[in-house]
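**Q** Right, I'll just put the structure down here and ask away after.
The values are calculated or read from the model by the stated rules, or taken from the named source; none is laboratory data. Remember, predicted model here, so these are calculated numbers, not experimental data. Positions of Cβ are backbone-derived with ideal geometry, glycine not excepted, and every protein chain shown enters the neighbour counts. Just the protein is used for accessible areas: all its heavy atoms, side chains included, with ligands, DNA and RNA removed. Shrake-Rupley method; radii C 1.70, N 1.55, O 1.52, S 1.80 Å.
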Amino acid sequence: MSNSMGISCFVKRGSTCNTLTGTEDQSWQFNVGDCSVQICFNKPYAAYPVKYHSFGTTRVWLEGCLYGNAPGELSQEMRQLLQQGQTEAFKKLLQASTGEFWAIITHNDQLEFINDKLARLPVYYCITESFIFTGRSIAALKEAGSQLSLAPLAALEYIWVGYTLADKTLYHNVRRLQPGSNKAISFSNFTIRDVEKPFTFNFDNNEKLSDLKNYSVQAVELFKQGCHKIKATIGDNPAIMSMSAGQDSRTAAFGLADAGLNLKGAIYKNSDSAHEIGLAYQLSRILGIGLATYQLEKPVQADFEQLLAIKNGHNYLGMAFILPFLKQLQNDFSTNSFYITGDGGDKLLPFIGEHHLQGMSADEEVERIIRRLSTTPFYLLKQLLSNDSLDAIRQSVYNQLKSYDEVTSMGRIVHFITYERSVKLLFEGEDRNRFFFWSTTPFYDVEFFEHCMKLPQKYKSGLKFYKQFQQQLNPALLTIPDTTGQRLNSRKYYFRTLLNERVRSANPELKQKLRSIINKGLALDEAMTQDLENLNFPAEINDVFLTGGLKNFAAKANSEHYYHLKTLSEL
């Protein structure tokens, strides 16, 4: 069974066929100039949304969902533009759409690929002497026989924060398609070029707001419109709502229930989840939907191996715990079901910036980012990595912040949280789910995203905007506390949130100690400690580690640190 998912495209030097050949369900081969092109659909289940569209000399291979249309389908306006030969207008309309999608387009001996404005689907590309690859899965490269090596700087970033920056992947010479890209293959010199500069949101928001309530009302209307687009795509198919007691999943559930989706709540349970499940039941009763609970089974070796095979390190092995839950859902629901989460709510509605930024230097911005986002904080990394390696991480963060168009510290930090953490880490996590069901969230509707992110961060501090948004969406959202025991509109919740906003960039060692006290499950057991001390890494990244560093590191590490290093050792 293949571990690849979605569309894969290989362009090779030398022609192999004279005409387009293939079937609508599997693969196509054709020549462009002196090169041969092979496009394949890799469907992990029958309902996986990939579709081939042909309009005269223009052909489109589409993967994903354009919300408002059936899975894998183009809108009627898009079809009309293609029938009229207006390819450029079609591309603009496509990229402005809400959804998780990318497409390969051939016309006039050109082969282009394009993705959505937020890069909701991870797409990768690679150029070698003999072929050019573009596709959704690095597994497809491996299955084609490519020998991939890890990139040292990418590995350092991954050890520090759990993902890679800019367009890097963990692998040398394999790049990630940036949000809002439109690229083309140049067959004459065997390269990839930008047709248009990638679209980038700008997060410098200095406008003054006179009425937060009115802004929230507008946000709710856009959110509801986005939910209705999802309803138009899903139709009457089951929509599995990943329920929790959190604010984001309840907000998503209320919006989608209001749009008329056939919601089925699902939550996993373990020894610590009784309180959360009780709250989720209360929310489900208000929604009028059922809630199925699933015992969270401990992952077995096959789960770790599967996660590594399908995501190739871009989900760390600590996330293997979720696979047994997804497999249980797959046993209970048809694969034309959609899996819906509250992902993204925590980036659009609350305060994700930083306080006290006035007069901050570029180096101070870097240190603020490092203190706030570290999966493995620098005081621990000093046990494992050389000073040169730590400096390389700092320089990489500095270079990334400098590459943004924003002129304010707030804008650059929000850009980093959105384009690095969300796109490179969280979207990869959502993508793991799509190996089992198509997964989406209502929070990344393009118009809703733009509206929320135009609001200056100061109006989101203390969850002021989030509270107004929930009040306008459905006041019942505010009647059920979350796992903190507080309702979103309580004064205790407000002051708790203000405190969290200020301490998340505080002393990393203190934060680690507090996390260890709160979450006992992070502690390493004896077997993990021994394994960590004896991990072996691919030769190309061996030099980033200090001699004897693993033993010193293991004395202070937790399971999260262990699983990130374990992931690299298995690649």
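**Q** Looking at region 1-15, which of the residues that are assigned to a loop (DSSP other than H, G, I, E, B), over 16 Å from Ile104 (Cα atoms) and modelled with pLDDT of 70 or more is least open to solvent (accessible area, probe 1.4 Å)?
**A** Ser4
**Q** Regarding Tyr268, is this residue under 24 Å from the mean Cα position of the chain (by Cα), of a type in the set (Phe, Trp, Tyr), surrounded by 17 or more Cβ atoms within 10 Å (Cβ to Cβ) and over 30 Å from Lys229 (Cα atoms)? Walk me through it before giving the result.
**A** Numbers: under 24 Å from the mean Cα position of the chain (by Cα): yes; of a type in the set (Phe, Trp, Tyr): yes; surrounded by 17 or more Cβ atoms within 10 Å (Cβ to Cβ): yes; over 30 Å from Lys229 (Cα atoms): no.
No; evaluated as a whole, the condition is false for this residue.
**Q** Taking region 188-211 as the search range and keeping residues that are farther than 30 Å from Asn31 by Cα and hydrophobic (A, V, I, L, M, F, W, C), which one is farthest from the chain's Cα centre (by Cα)?
**A** Of everything passing the filter in region 188-211, Leu209 is farthest from the chain's Cα centre (by Cα).
**Q** Going residue by residue through region 479-490, is there one that turns out to be assigned to a helix (DSSP H, G or I) and without any contact (Cβ under 8 Å) to a residue 40 or more places away in the chain?
**A** Scanning region 479-490 turns up no residue that is assigned to a helix (DSSP H, G or I) and without any contact (Cβ under 8 Å) to a residue 40 or more places away in the chain.
**Q** Which condition does Gly313 not pass, out of (1) open to solvent by less than 10 Å² (accessible area, probe 1.4 Å); (2) not in a loop (DSSP other than H, G, I, E, B), if it passes all the others?
**A** So Gly313 meets the others, but not (2).
**Q** Has region 386-394 got any residue that is among the acidic types (Asp, Glu) and closer than 30 Å to Ile240 by Cα?
**A** Checking region 386-394: not a single residue is among the acidic types (Asp, Glu) and closer than 30 Å to Ile240 by Cα.
**Q** Show me the strands (runs of 3 or more DSSP E) entirely contained within region 192-310 in which 1 or more residues are touching a Leu at 6+ places or on another chain (Cβ under 6 Å).
**A** Of the strands (runs of 3 or more DSSP E) lying wholly inside region 192-310, those with at least 1 residues that are touching a Leu at 6+ places or on another chain (Cβ under 6 Å) span 239-242, 263-269.
**Q** Name the single residue that is farthest from Phe338 (Cα to Cα) among those in region 239-258 being over 20 Å from the mean Cα position of the chain (by Cα) and open to solvent by 30 Å² or more (accessible area, probe 1.4 Å).
**A** The qualifying residue farthest from Phe338 (Cα to Cα) is Asp258.
**Q** Give region 96-116 a look and list any residue that's surrounded by fewer than 22 Cβ atoms within 10 Å (Cβ to Cβ), closer than 19 Å to Thr440 by Cα and out of contact with any strand residue (DSSP E or B) (no Cβ under 6 Å at 6 or more places or on another chain), or say none.
**A** Hit for region 96-116 is Ala96, nothing else.
**Q** Would you check if there is a residue in region 323-330 being of a type in the set (S, T, N, Q), surrounded by fewer than 19 Cβ atoms within 10 Å (Cβ to Cβ) and in contact with a strand residue (DSSP E or B) (Cβ under 8 Å, 6 or more places away or on another chain)?
**A** Yes: one or more hits.
**Q** Hey, can you tell me all the residues within region 278-310 that are open to solvent by 20 Å² or more (accessible area, probe 1.4 Å) and among the aliphatic types (A, V, I, L, M)?
**A** Ile286, Leu287, Ile289, Leu291, Ala292, Leu296, Val300, Ala302, Leu308, Ala309
**Q** A further question follows. Have a look at Phe469, Phe545 and point out the one that is over 30 Å from Asn202 (Cα atoms) and of a type outside the set (A, V, I, L, M).
**A** After applying the criteria, what remains is Phe545.
Conditions (1) of a type in the set (Lys, Arg); (2) in contact with a Pro (Cβ under 6 Å, 6 or more places away or on another chain); (3) open to solvent by less than 10 Å² (accessible area, probe 1.4 Å); (4) under 18 Å from Asp116 (Cα atoms), marked per residue:
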residue	(1), (2), (3), (4)
Arg421	yes, no, no, yes
Leu425	no, no, no, yes
His451	no, no, no, yes
Tyr466	no, yes, yes, no
Leu473	no, no, no, no
Gln486	no, no, no, no
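**Q** Further question: Would you say Glu100 is touching a Cys at 6+ places or on another chain (Cβ under 8 Å) and in contact (Cβ under 8 Å) with a residue 24 or more places away in the chain?
**A** Answer is yes for this residue.
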